[in-house]
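Notes to accompany the following structure.
The values are calculated or read from the model by the stated rules, or taken from the named source; none is laboratory data. Everything quoted here is computed from the prediction, not taken from an experiment. Cβ placement follows ideal geometry from the backbone for every residue including glycine, while neighbour counts extend to all protein chains displayed.
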Amino acid sequence: MRLFTLSDIKLPIGTSETELEKIAAKKLGGKAGYFAIKKKSLDARDKNNVRYVYTVEFSKTPPQKQERTFERLPSSKTPEKAVLVVGGGPAGLFCAIRLLDHGIMPVLIERGAPVDERERDINAFCRERALNVESNVQFGEGGAGTFSDGKLNTQTHSPLNREVLEIFVRFGAPKEILWLSKPHIGSDNLKKVVKNMREYILAQGGKIAFHTRLDDFRIQNGKLTEVVLKDDSGEQVLPVSAVALAIGHSARDTFETLYRRGVPMRQKDFAVGVRIEHLQSKIGFAQYGKEYTRLPAADYKLVSHTPERSAFTFCMCPGGYVMPATSEQGCVVTNGMSNFARDGANANSALIAQVSQADFGGDSPLAGVEFQRRLERNAFLAGGGSYAAPTQLLGDFLADKESSRFGEVLPTYAAGTTFADLRTVLPAPVITALKYAALDMDKRLKGFACPDAILTAVESRTSSPVRIERDDNFQSTGAQGLFPCGEGAGYAGGITSSAADGLRVGSAIFAYLSK
């Protein structure tokens, strides 16, 4: 079988993709027995000639299917003690799946609720302002990414990235994520996907326990031997063979426990700021011109550099909503979400500036955690102490003036908003960087500095504020058998990279148990 690949095929918007198969048939001199779109992107550099650009693969006969196989753990080495995966986000779920690939039956614990129950808890918080600290946008099945846009584009170049997409499709994600240049699943689809992953793990012999928190570690002679778990029935001491620590970036109590137990960790830079909302129609016109109504909801990614620090947009959610994302009492945190259709009236994105040890103060590995907490408490107080989020129109923010009414953009933050001066929430250097960035970004995206754009504070959970040190075998440098994993451990920065790290750690645990 000869396999052909054609790249840089341009089709005007509105053209049927059946034209691609005709191009393949012409190349082959007959109908293709196998045809696949391998990449699809949008070229909008010339707004008068917006086109889709494709790469396709085809042949006269279908290729033979090749099943991926994994080395299995010999029955003689089956661990008597539990192989524990802590956290049900992408890192934990993908780690559990890889362990099953290797013939290891994991026990996955998640401090939060299954996704349907979790969604009810989030909706109740938005209505009644009664926070469940164990079931919210940060904690629960699927992790923080479940209530996001489900973006799968990544700046990492891991060979596992393709496998991550294939696994998502296997469990129900839209197949187009395999070829889109900017793939996304959407929060509505992610909820279904993580439930399918759960059912697979259980069907293959794994165990899953929700509402179960990791409370402590027992380390003897540099080796992790037991963990203390807590659920509704009380505490349980569980002997373990290995632990994948996929706790997410908001498990502050676990970070504190690790620190007390002497597990090596250090501060990590991250970024803080606000969510900025524009009308999605204005973003679409700015990006695509008059054809924007015929195209998918437009996104953007912008960076601005000042002498002191960089500012940038992050986790942009076209046609989305600003989410209440706190996991601690007396704090206000924002995040962004959109469904697969991306059909909401507003676009939102984090507008954030880099912060580091110079901003945190102190040498403790947890100084960044305390820095986040201070900003979140500032936001809670500025919002009136009721979990409403403090907001300010961009024009007033630039003029150091408190807002009094909304303009063309209305807020989507479901727990309510209160006008406030955001200088009471964020440090002065961050305020300066965001002001500069908004005006600078407007030079590249016309209308970004729209005076009616809404800023909602505070965006503080952009990534983990700590890194749990691990060696080349993915084990903690201070506790043999403990495998820090994913975004919470400081080794990933989104759904795809977290999932890929989960696959790596699953195979690393297999290698450890095989010795």
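Would you tally the residues in region 96-126 being more than 11 Å from Ile201 (Cα to Cα) and either free of Cβ contacts under 8 Å to residues at least 12 places away in the same chain or part of a helix (DSSP H, G or I) (or both)?
Qualifying residue count, region 96-126: 12.
Got a number for residues in region 286-311 being in contact (Cβ under 8 Å) with a residue 40 or more places away in the chain and either under 16 Å from Val50 (Cβ atoms) or outside the structural domain of Ser349 (by TED's automatic domain parsing) (or both)?
Summing the residues that are in contact (Cβ under 8 Å) with a residue 40 or more places away in the chain and either under 16 Å from Val50 (Cβ atoms) or outside the structural domain of Ser349 (by TED's automatic domain parsing) (or both) in region 286-311 gives 13.
Taking the stated definitions as given, is Gly150 surrounded by 19 or more Cβ atoms within 10 Å (Cβ to Cβ), outside the structural domain of Tyr321 (by TED's automatic domain parsing) and in contact with a Lys or Arg (Cβ under 8 Å, 6 or more places away or on another chain)?
In short, no.
May I ask you to list the residues in region 29-49 that are surrounded by 11 or more Cβ atoms within 10 Å (Cβ to Cβ) and either over 32 Å from the mean Cα position of the chain (by Cα) or not charged (D, E, K, R) (or both)?
Taking region 29-49 first, the residues surrounded by 11 or more Cβ atoms within 10 Å (Cβ to Cβ) are 31-44, 47, 49.
Once the filter is applied, which keeps residues that are surrounded by 11 or more Cβ atoms within 10 Å (Cβ to Cβ) and either over 32 Å from the mean Cα position of the chain (by Cα) or not charged (D, E, K, R) (or both), region 29-49 yields Lys31, Ala32, Gly33, Tyr34, Phe35, Ala36, Ile37, Ser41, Leu42, Ala44, Asn49.
Taking Asp359, is it within 26 Å of Ser304 (Cα to Cα) and without any contact (Cβ under 8 Å) to a residue 60 or more places away in the chain?
no
I'm checking my understanding of the structure. Among residues of region 249-262 that are within 24 Å of Gly494 (Cα to Cα) and more than 18 Å from the chain's Cα centre (by Cα), which one is surrounded by the most Cβ atoms within 10 Å (Cβ to Cβ)?
Among those residues, the one meeting the criterion is Leu258.
This table checks each residue for (1) closer than 24 Å to Tyr436 by Cβ; (2) of a type in the set (A, V, I, L, M); (3) in contact (Cβ under 8 Å) with a residue 60 or more places away in the chain.
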{"site": "Tyr259", "(1), (2), (3)": "no, no, yes"}
{"site": "Ala271", "(1), (2), (3)": "yes, yes, yes"}
{"site": "Cys315", "(1), (2), (3)": "yes, no, yes"}
{"site": "Asp343", "(1), (2), (3)": "no, no, no"}
{"site": "Ile352", "(1), (2), (3)": "yes, yes, yes"}
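Quick check on this structure: which one of Ala438, Ala499 is hydrophobic (A, V, I, L, M, F, W, C), modelled with pLDDT of 95 or more, assigned by TED's automatic domain parsing to the domain that holds Gly186 and outside any loop (DSSP other than H, G, I, E, B)?
Just a single option satisfies the conditions, and that option is Ala499.
Mind listing whichever residues of region 133-161 are touching a Gly at 6+ places or on another chain (Cβ under 8 Å) and more than 18 Å from Lys182 (Cα to Cα)?
Across region 133-161, the qualifying residues are Glu134, Ser135, Asn136, Gln138, Phe139, Gly140, Glu141, Gly142, Gly143, Ala144.
If I go through region 4-28 residue by residue, how many of them are within 19 Å of Glu176 (Cβ to Cβ), small (Gly, Ala, Ser) and surrounded by 13 or more Cβ atoms within 10 Å (Cβ to Cβ)?
1
I need the full set of residues from region 450-461 which are in a loop (DSSP other than H, G, I, E, B), under 19 Å from Gly336 (Cα atoms) and hydrophobic (A, V, I, L, M, F, W, C), in order please.
Across region 450-461, the qualifying residue is only Ala453.
Looking at the structure I just gave you, is Lys10 assigned to a helix (DSSP H, G or I) and over 30 Å from Asp216 (Cβ atoms)?
no
Please go through region 194-218 and pick out each residue that is without any contact (Cβ under 8 Å) to a residue 40 or more places away in the chain and within 21 Å of the chain's Cα centre (by Cα). Outline the logic, then answer.
We begin by selecting, within region 194-218, every residue without any contact (Cβ under 8 Å) to a residue 40 or more places away in the chain; these are 196, 199, 202-203, 218.
Within region 194-218, Asn196 is the sole residue that qualifies.
So the check is Cβ under 8 Å with 6+ separation or different chains; which pairs have a first residue in region 395-417 that's among the acidic types (Asp, Glu) and a second one that's modelled with pLDDT under 95?
Asp396/Glu402
Being touching a Phe, Trp or Tyr at 6+ places or on another chain (Cβ under 9 Å), surrounded by fewer than 19 Cβ atoms within 10 Å (Cβ to Cβ) and assigned by TED's automatic domain parsing to the domain that holds Ala113 is true for just one of Lys182, Lys207, Lys192, Lys175. Which residue is that?
Lys192
With Ala438, Ala433 as the choices, which residue is within 30 Å of Ala415 (Cα to Cα), in contact with a helix residue (DSSP H, G or I) (Cβ under 9 Å, 6 or more places away or on another chain), surrounded by 22 or more Cβ atoms within 10 Å (Cβ to Cβ) and among the small types (Gly, Ala, Ser)? Break it down stepwise before answering.
Working: Ala433 fails: in contact with a helix residue (DSSP H, G or I) (Cβ under 9 Å, 6 or more places away or on another chain).
Only one candidate passes the filter, namely Ala438.
In the set Ala428, Ala449, Ala453, which member is without any contact (Cβ under 8 Å) to a residue 24 or more places away in the chain and either surrounded by fewer than 24 Cβ atoms within 10 Å (Cβ to Cβ) or over 23 Å from the mean Cα position of the chain (by Cα) (or both)?
On the way: Ala449 fails: without any contact (Cβ under 8 Å) to a residue 24 or more places away in the chain; Ala453 fails: without any contact (Cβ under 8 Å) to a residue 24 or more places away in the chain.
Residue meeting the stated conditions: Ala428.
Of everything in region 423-435 that's β-branched (Val, Ile, Thr) and assigned to a helix (DSSP H, G or I), which residue is nearest to Met265 (Cα to Cα)?
Checking each candidate, the answer is Val430.
Return yes when Thr417 is under 13 Å from Ala457 (Cα atoms), among the polar types (S, T, N, Q), surrounded by fewer than 15 Cβ atoms within 10 Å (Cβ to Cβ) and assigned by TED's automatic domain parsing to the domain that holds Thr326 and no when it is not.
no
Starting from residues that are assigned to a strand (DSSP E or B) and touching a helix residue (DSSP H, G or I) at 6+ places or on another chain (Cβ under 7 Å), keep the ones in region 50-67 and report whichever is surrounded by the fewest Cβ atoms within 10 Å (Cβ to Cβ).
Here the answer is Tyr54.
Residues that are buried (at least 19 other Cβ atoms within 10 Å of the Cβ): which strands (runs of 3 or more DSSP E) entirely in region 270-351 hold 2 or more of them?
In region 270-351, 270-279, 310-317, 321-324, 334-337 are the strands (runs of 3 or more DSSP E) which contain 2 or more residues that are buried (at least 19 other Cβ atoms within 10 Å of the Cβ).
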